[in-house]
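> Quick one: structure below, then a few questions.
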Amino acid sequence: MVKEIERAGIPVVHMCNLIPVSTTVGANKIVPTISIPYPLGDPATPKEVQWKLRHHRVGVALDALTQDVEEQTVFKVKI
Amino acid sequence: MKKAIHYINQFFAGIGGEDTADYEPEIREGLIGPALALNSMLDAEVTHTIICGDNFMGSNKDEAVKRILGFLEDKEFDIFVAGPAFQAGRYGVACGTICKAVKEKFNVPVITSMNEENPGVEMFKKDIYIFEGGKSAAKLREDVKVMSNFGNKILKGEKLGSADEEGYFPRGIRHQVWLDTEKTAAERGVEMLVKKLNNESFKTELPIPKLDRVPIAAPIKDLSKANIALVTTGGIVPIDNPDRIQSASATRWGKYDISNIERLEGGVYKTIHAGFDPAAADADPNVIVPVDSMKEYLKEGKIGKFHKYFYSTVGTGTTQAEAARMGKEIVEELLKDKVDGVIMTST
């Protein structure tokens with residue numbers, strides 16, 4: 001699905017946990033998430049911690065949309 | 001008697017489903033689940049079964065591999081088998097990961113099996129023997145049989161056939177072989193060329209794999225003026241699932257208006273994805289579709305517009321062909337609504 005979106009010329013970022021799957025399938029911009037059942041917020045942590053993590057990683061994904069990259073890129077996250 | 005060790009996931013070990021997918025690696029003496037079938041068909045004694053939760057392997061790969069290689073250090077074994085994993089994506093990737101690591105560290109033959117739609121095939125077929133397996137556990141005995149037959153050939157030191165002859169996915173390794181035909185390569189080549197010129201069908205001896213890569217789209221110049229949409233394969237839908245999207249092997253997708261809400265509330269939205277424990281996402285669907293964060297970025301002015309719909313389907317067991325079709329359908333909507341960029345979340 002990522003590829004069909006990009007094929008249409010719309011920049012797209014894939015946020016996912018299994019990075020090797022995403023790179024093999026052919027996503028060009030990837031931002032890692034923390035798990036499969038809860039990609040953007042660990043329920044074992046307080047709500048504020050989950051929010052910080054989610055807001056940070058979504059921010060990284062938004063910035064990734066503006067980046068001019070030459071090849072498949074996995075963007076770095078801080079939290 | 002030769003010895004074998006078998007890797008399976010938490011589900012096939014009978015430990016549990018998605019609620020136990022974080023199960024930490026463990027080695028047990030003896031036979032559990034599919035190891036019973038393997039032991040009865042393989043000309044080797046399956047001495048141990050290794051169990052690991054699919055999410056544990058997916059999210060803590062290095063740790064999982066390290067611990068499992070640690071288990072194996074003082075064990076004697078002549079062959080290592082994983083799966084079969086059918087169309088279960090995480091299980092397939094786990095089988096591929098551990099087989100590759102075991103082969104590299106201990107230099108023993110490794111065998112696994114999965115369906116051609118399993119992403120593990122594309123990722124690991126170059127590294128290890130992956131036999132083409134069924135779509136679901138209904139094929140368990142047959143898939144184990146195929147792996148055992150090949151394992152027996154290896155254990156006995158018999159001559160191994162090509163990927164096509166044996167039934168595993170081609171590894172892209174070239175071997176020198178003596179053909180039964182007396183024809184030289186030059187003759188065969190010219191024959192193929194003549195057939196091609198006559199528009200007749202011919203079979204190449206060197207298939208070139210086709211990689212479908214998409215050119216990287218031009219980046220967004222000014223995010224503060226851009227319209228951004230969220231798309232997910234995590235199965236987040238309104239609680240009554242109005243489009244009746246399937247929980248696995250989806251062929252349908254939905255779009256849901258989020259223009260008047262600040263976040264996705266549990267009890268109003270939920271996930272229908274059958275491939276993971278839904279508890280966390282049901283309690284707070286924003287962990288999969290981060291509407292709350294996007295609304296905040298809209299308020300801050302980081303983005304110009306947050307597209308009024310999010311798009312959702314389920315990514316487990318969904319074939320690549322169906323995913324591509326749904327992707328194309330969603331793209332039509334995105335283009336029509338002048339969406340400038342997309343964040344797609346997957347589970």
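The values are calculated or read from the model by the stated rules, or taken from the named source; none is laboratory data. Computed from a prediction, not measured in an experiment: that's the story for all the values here. We place every Cβ from the backbone using ideal geometry, glycine too, and count neighbours over all the protein chains shown. Please note that ligands, DNA and RNA were not included when accessible areas were found on the heavy atoms of the full protein model with its side chains. Shrake-Rupley method; radii C 1.70, N 1.55, O 1.52, S 1.80 Å.
> Got a sec? Which helices (runs of 4 or more DSSP H) wholly within chain A have at least 3 residues that are under 19 Å from B:GLY315 (Cα atoms)? Working first, answer last.
Numbers: elements: A:2-7, A:19-25, A:47-66.
Here the list reads A:2-7, A:19-25.
> I'd like to verify a number: residues in region B:127-152 that are part of a helix (DSSP H, G or I) and open to solvent by less than 10 Å² (accessible area, probe 1.4 Å), how many?
Looking only at that region, the number is 5.
> Let me ask something else. Restricting the search to region B:87-107, which residues are open to solvent by 10 Å² or more (accessible area, probe 1.4 Å) and either of a type in the set (Lys, Arg) or touching a helix residue (DSSP H, G or I) at 6+ places or on another chain (Cβ under 7 Å) (or both)?
Result: B:GLY89, B:ARG90, B:VAL93, B:THR97, B:LYS100, B:ALA101, B:LYS103, B:LYS105, B:PHE106.
> Can you tell me which residues in region B:124-162 are in contact with a Lys or Arg (Cβ under 8 Å, 6 or more places away or on another chain) and either in contact (Cβ under 8 Å) with a residue 60 or more places away in the chain or outside the structural domain of B:LEU36 (by TED's automatic domain parsing) (or both)?
B:LEU155
> Of the residues in region B:63-94, how many are assigned to a helix (DSSP H, G or I) and aromatic (Phe, Trp, Tyr)? Explain how you work it out, then say what you get.
Within region B:63-94, the first condition is being assigned to a helix (DSSP H, G or I), and the residues that meet it are B:63-72, B:89-94.
Going one step further and asking which of them are aromatic (Phe, Trp, Tyr), we end up with B:71, B:91.
Adding up the residues that qualify gives 2.
> So B:ARG263 passes all but one of these: (1) open to solvent by 20 Å² or more (accessible area, probe 1.4 Å); (2) touching a residue at least 40 places away in the same chain (Cβ under 8 Å); (3) within 11 Å of chain A (Cβ to nearest Cβ); (4) not hydrophobic (A, V, I, L, M, F, W, C). Which condition number does it fail?
Here B:ARG263 meets the rest and fails (2).
> With the requirement that a residue be crowded, with 16+ Cβ neighbours inside 10 Å, within 22 Å of B:HIS273 (Cα to Cα) and free of Cβ contacts under 8 Å to residues at least 60 places away in the same chain, what does region B:13-42 give you?
Scanning region B:13-42 gives B:ILE15, B:THR20, B:ASP22, B:TYR23.
> Quick one: would you say A:SER35 is hydroxyl-bearing (Ser, Thr, Tyr) and more than 7 Å from chain B (Cβ to nearest Cβ)?
Against the criterion (hydroxyl-bearing (Ser, Thr, Tyr) and more than 7 Å from chain B (Cβ to nearest Cβ)), A:SER35 does not qualify.
> Identify the residue in region B:195-246 that is among the β-branched types (Val, Ile, Thr) and either part of a loop (DSSP other than H, G, I, E, B) or at pLDDT below 95 (or both) and, among all such residues, is surrounded by the fewest Cβ atoms within 10 Å (Cβ to Cβ).
Ranking the qualifying residues of region B:195-246, first place goes to B:ILE208.
> Can I ask one more? Test each condition in (1) open to solvent by 60 Å² or more (accessible area, probe 1.4 Å); (2) under 24 Å from A:GLY26 (Cα atoms); (3) more than 13 Å from chain A (Cβ to nearest Cβ); (4) not basic (Lys, Arg) for B:VAL268 and report the one that comes out false.
Condition not satisfied by B:VAL268: (2).
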